[in-house]
Amino acid sequence: MAHHTNRSGYMKLTERLNRFPLGAPPSELLYKILEMLFSEKEASLVSLLPLRLFNAKRAGRVWEMDLFSTQKILDELCDRGILMDIEKNGRQVYCLPPPMAGFFEFSLMRVRDDIDQKVLSELYYQYINVEDDFIKDLFLDGETRLGRVFVHEPVFSQENALHVLDYERATEVIKTASRIGISTCYCRHKMAHVGLDCDAPKEICMTFNASAASLVKHGFARQVDVSECLGLLETAYENNLVQFGDNVREGVNFICNCCGCCCEAMIAARKLGILHPVHTTNFIPQVQDAACKGCSKCVGVCPVEAMILVSANDPHDPKKKKARVNEEICLGCGVCARVCPDDCISLRSRAKRVITPLNTAHRVILMAIERGKLQNFIFDNQVLKSHRALAAVLGVVLKLPPIKQAMASQQMKSRYLDAMIRGLKL
């Protein structure tokens, strides 16, 4: 009993994290991670914070604490990458980001000595890469995904580049961002501590807009201009890295430059590709069979093993091979086309376009509906018993059999979704 009592703050925090669509399944490993990142008192305090943006005054009311003491705690948590502070309409507001993409990553996005990053990396590796509950919850629950792949722009000809929309281009995200921050790649940093990293560049993780402003302010990223960021994107292209970013059309918060061996999104896509754990681009590689010499370079760079060699069925050369695309698991990143020495791989549009949410609020609400957590946003104030009761009723509706759930979900989407996108202000 004493063991549970000592961990009560971490249990409350775990419950709070899992009210958000992107949570963290409880386990002994998770509690060990949280114990490294939070004191027990901090865990208890953070567990009381709203899902929506809040200011210091509201946090003080929830914590029953004076404004000066509240502000001090909030600022310290921001300095450690637990909370994010954002300037919105001329005032400072705060939010607790989800573990991923959020404070798990921030803890390794710079070298620091206030926590043992090697021990933390080992815990992350066991929790995320060995145990699979977290990855399945993060990437497979529902239909709307956390992230999407950006198309490899250099492989497009001038003619078919006209079919690439602005929000599908990493270059456009960079050029239109209000702030840009560059950090250490969390994935490769973590893998370095467990002896499994590759030689791909590490100082290449990109954040944008309000997220970048907060991370730069607290030393988790260094601010760069558009020119330098575009140069880093070119470096990513040269290293055959895949651009995996925020699954939104407007206000993209991050773009990771991913390798297939270290990066969790690519590992999930390789292991669980048939279940589509990340949203693909709207393009698919097309191999010109007659020109393909079966050199296997495209096979070597594909991060999800979607490119394979098969027999060319050449009666004059029985050993001849050619490349073939497994369209069921292909991300459409275009890295294969870049490395083809014979220019026999090009990108064509997919038959069915991939739908990308408008912005963060839109994505989060869609994910909440699909994961049965919309009630947590509608009734964010869990203090009132009446609110808890209404939340429970709505939770039941979202867990009805599929046909009835679809009807209820459609009603909630049509009635609440637009208003909530405007009012949620995530």
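The values are calculated or read from the model by the stated rules, or taken from the named source; none is laboratory data. Computed from a predicted structure; not experimentally measured. All Cβ positions, glycine included, derive from the backbone under ideal geometry; neighbour counts span all protein chains shown.
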Open item on the list: Checking the structure you have, find out if any residue of the stretch 259-267 is buried (at least 18 other Cβ atoms within 10 Å of the Cβ), closer than 15 Å to A337 by Cβ and not acidic (D, E).
Closed with: no
Open item on the list: Taking the conditions exactly as written (in the same structural domain as Y237 (by TED's automatic domain parsing), charged (D, E, K, R) and either without any contact (Cβ under 8 Å) to a residue 40 or more places away in the chain or crowded, with 22+ Cβ neighbours inside 10 Å (or both)), does K175 satisfy them or not?
Closed with: no
TODO: For the stretch 63-95, enumerate the residues that are aliphatic (A, V, I, L, M), out of contact with any strand residue (DSSP E or B) (no Cβ under 8 Å at 6 or more places or on another chain) and in a loop (DSSP other than H, G, I, E, B).
DONE: M65, I82
- [ ] Kindly indicate which of G102, G90 is surrounded by 16 or more Cβ atoms within 10 Å (Cβ to Cβ) and either assigned by TED's automatic domain parsing to the domain that holds L45 or out of contact with any helix residue (DSSP H, G or I) (no Cβ under 9 Å at 6 or more places or on another chain) (or both).
- [x] G102
Open item on the list: Going by what's in this entry, would V119 be described as surrounded by 14 or more Cβ atoms within 10 Å (Cβ to Cβ) and of a type in the set (A, V, I, L, M)?
Closed with: no
- [ ] Of all residues in the stretch 233-252, count the ones that are surrounded by 20 or more Cβ atoms within 10 Å (Cβ to Cβ), of a type outside the set (D, E, K, R) and under 17 Å from the mean Cα position of the chain (by Cα).
- [x] 8
Open item on the list: Quick check on my filter: what residues within the stretch 178-236 are farther than 30 Å from Q126 by Cα, part of a helix (DSSP H, G or I) and not charged (D, E, K, R)?
Closed with: N209, A210, A213, V226, S227, C229, L230, G231, L232, L233, T235
Open item on the list: Being buried (at least 19 other Cβ atoms within 10 Å of the Cβ) and within 27 Å of R324 (Cβ to Cβ) narrows it down to one residue among T281, T207; which is it?
Closed with: T281
TODO: Could you check, for the stretch 235-254, whether at least one of its residues is within 14 Å of P303 (Cα to Cα), in contact with a Pro (Cβ under 8 Å, 6 or more places away or on another chain) and basic (K, R)?
DONE: no
Task: Tally, over the stretch 237-250, of residues that are of a type outside the set (A, V, I, L, M), out of contact with any strand residue (DSSP E or B) (no Cβ under 6 Å at 6 or more places or on another chain) and either assigned to a helix (DSSP H, G or I) or within 20 Å of S211 (Cβ to Cβ) (or both) - done: 4
Open item on the list: Contact list please: Cβ distance under 6 Å, first residue in the stretch 237-260 and not assigned by TED's automatic domain parsing to the domain that holds C198, second residue at pLDDT 95 or above and not in a loop (DSSP other than H, G, I, E, B), pairs at least six apart or on different chains.
Closed with: none
Open item on the list: Taking the condition of being touching a Lys or Arg at 6+ places or on another chain (Cβ under 7 Å) and assigned to a helix (DSSP H, G or I), how many residues in the stretch 269-308 meet it?
Closed with: 0
Open item on the list: Only one of A361, A368, A306, A312 is within 19 Å of A265 (Cβ to Cβ) and among the hydrophobic types (A, V, I, L, M, F, W, C). Can you tell me which?
Closed with: A306
- [ ] Answer with yes or no whether E143 is outside any helix (DSSP H, G or I), over 19 Å from the mean Cα position of the chain (by Cα) and in contact (Cβ under 8 Å) with a residue 40 or more places away in the chain.
- [x] no
Task: helices (runs of 4 or more DSSP H) lying entirely in the stretch 331-389 (those with 2 or more residues that are within 28 Å of F283 (Cβ to Cβ) and at pLDDT 90 or above) - done: 335-339
- [ ] Sort out which residues of the stretch 268-307 are within 14 Å of A337 (Cα to Cα), aliphatic (A, V, I, L, M) and in contact with a strand residue (DSSP E or B) (Cβ under 7 Å, 6 or more places away or on another chain), and write them in order of number.
- [x] I284, V287, V299, A306, M307
Open item on the list: Taking the conditions exactly as written (small (G, A, S) and at pLDDT below 85), does G147 satisfy them or not?
Closed with: no
- [ ] Those residues that are modelled with pLDDT of 90 or more and at positive phi, I need them from the stretch 249-279; list them, please.
- [x] G251
